[in-house]
Amino acid sequence: MDPTGRCRLTAWCEMNPSEGDFIRLEGARVQYWQGSPDLVIDDLEQVKNLSSQPWEKIDPENHWIPVNLSELVNGGSRRGIETSGTIVSVRNDSGIIERCSECRRVLRENNCSEHGNQVGVEDLRLRFVVDNGISNASLLMSKDSAEEFLGMDMERVKGEIAKSGRIGFVTELRNRCLSREVFIRGRSIVDEQGAMILSDTTSFSDIDPKKYGNEIMEKWGLVI
């Protein structure tokens, strides 16, 4: 990582850096893994360990680059970003899903497109659409991120779905989330199908949407 963000580095040679080392790469390659650019070195001569640090020490646990949602959507895939947007849609397939035990693809009627009929492995996933008034992107939360966002673990989610059904669970999720601004940290994948943000953490803004709406109406002299 550097002050502009982070990416993966793959070394196809004997390389033993220490944590905190500053390195310079020359002649390295760029390839893509899961939609994000990665750096690749094939020869140790492409790496120089710097004796002096070119920037201040970075805390890897709290290194997130603020990126406006429109910039994110119109740019390339990135890691280590933070952005914000308003939740405008909650997908019906949010909740408990089943994955293929071999490739982790989501099963459709107990079938994997690659491995055929499968006994699924349960997992938790939430899917939203976020918008900033100009651009929008899909927002995907895997198990850990979803549990933190919901404030409940997967077993409790299963219990809620058992009581009210998937539609009831999604309806409650919509009541809680729609029209609310969220702050997201994670990575983005931008391709021909659009932009998707894979969340590490997602949290609600402190803004009360009803209060904010009243302020906007007052500002523009609107009366309902």
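Quick note: the coordinates plus some simple rules give every number you see, no bench work behind them. The shown structure was predicted, so the numbers you read here are calculated from the model rather than taken from an experiment. A quick note on method: Cβ atoms are made from the backbone with ideal geometry, for glycine too, and the neighbour counts reach across all protein chains shown.
Observations
- Cross-link partners for Lys211 among the lysines, with Cα-Cα distance under 26 Å and sequence neighbours closer than 8 places in the same chain left out: Lys219.
- Annotation: aspartates and glutamates with alpha-carbon distance below 19 angstrom to Lys48 (same-chain offsets under eight excluded): Asp2, Glu14, Glu19, Asp21, Glu26, Asp38, Glu56.
- Among Asn110, Asn214, Asn74, the residue with the largest mean-square fluctuation in a Gaussian network model of the chain, with springs joining Cα atoms closer than 10 Å, is Asn214.
- Value of Rg to Rh for the range 9-61 (Rh from inverse mean 1/r over Cα pairs, i.e. Kirkwood): 0.98
- Principal-axis tilt of helix 154-177 within the chain, Cα atoms, nearest 10 degrees: 80 degrees
- For the range 131-224, the list of chymotrypsin sites (Phe, Trp or Tyr not before Pro) that fall in a loop by DSSP and count at most 16 other C-beta atoms within 10 angstrom reads Trp220.
- Coil-residue GluC sites (Glu not before Pro) of the range 174-216, DSSP, other Cβ within 10 Å capped at 15: Glu192
- Within the range 23-72, the GluC sites (Glu not before Pro) that combine a DSSP coil assignment with at most 14 other C-beta atoms in a 10 angstrom radius are Glu26, Glu56.
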